[in-house]
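The block underneath contains the structure these notes are about, expressed in structure tokens.
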Amino acid sequence: MKIIATDRDGKEHILEGRDGWTVMEILRDAGLPITAECGGACACATCHVYVDEEWAAKLPDKSDTETDMLDMALAVEANSRLSCQIICSDALDGIRVTVAPE
Ligand code: FES
């Protein structure tokens, strides 16, 4: 599956997602500026991304932990998600995300 990721400079990257991996891992491995301080444990919010509206609706609901972490993040929008909580699958082929500001 493909992930179309926009970095903080507005540059688009087309990345190959791996089934069962998180979007955070794919972005980080591709060198995008995702700190992911907690390593994907949903405990830092440094993997914050905006998910394109069209795709945001297709994602499973946020867990309470993800909601709590986003409450503490900056520049949160209605389509904010923690990319370590989005699991790659064919259903998300073509998903568009934008790395949130630091
Ligand atoms: S990597 Fe820490 S919350 Fe996603």
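The values are calculated or read from the model by the stated rules, or taken from the named source; none is laboratory data. Note that the structure is predicted; figures quoted are calculated from it, not measured. Cβ coordinates were reconstructed from backbone atoms using ideal geometry, including for glycine residues, and neighbour counts include every protein chain displayed.
Since CYS42 meets every condition but one in (1) touching a residue at least 40 places away in the same chain (Cβ under 8 Å); (2) more than 12 Å from SER83 (Cβ to Cβ), which condition does it not meet?
(2)
Search segment 80-102 for residues that are without any contact (Cβ under 8 Å) to a residue 60 or more places away in the chain and pair each with any residue that is among the small types (Gly, Ala, Ser) and surrounded by 20 or more Cβ atoms within 10 Å (Cβ to Cβ) when their beta-carbon atoms are under 7 Å apart and the residues are at least 6 apart or on different chains.
SER80/ALA100; LEU82/ALA45
Spot the failing condition for CYS88; the list is (1) within 13 Å of the ligand (Cβ to nearest atom); (2) modelled with pLDDT of 95 or more; (3) not hydroxyl-bearing (Ser, Thr, Tyr), and only one is missed.
(1)
Determine which member of the set LEU15, LEU59 is in a loop (DSSP other than H, G, I, E, B), more than 10 Å from the ligand (Cβ to nearest atom) and of a type in the set (A, V, I, L, M, F, W, C).
Only one candidate passes the filter, namely LEU59.
How about segment 71-95: which of its residues are buried (at least 18 other Cβ atoms within 10 Å of the Cβ) and outside any loop (DSSP other than H, G, I, E, B)?
SER80, ARG81, LEU82, SER83, CYS84, GLN85, LEU92, ILE95 - these are the residues of segment 71-95 that are buried (at least 18 other Cβ atoms within 10 Å of the Cβ) and outside any loop (DSSP other than H, G, I, E, B).
Filter segment 18-58 for residues that are small (Gly, Ala, Ser) and over 12 Å from the mean Cα position of the chain (by Cα) and give the result.
Within segment 18-58, GLY20, ALA30, GLY31, GLY39, ALA41, ALA43, ALA57 qualify.
Give the residues of segment 5-41 that are surrounded by fewer than 18 Cβ atoms within 10 Å (Cβ to Cβ) and touching a Leu at 6+ places or on another chain (Cβ under 8 Å), sorted by residue number.
ASP7, HIS13, ALA30
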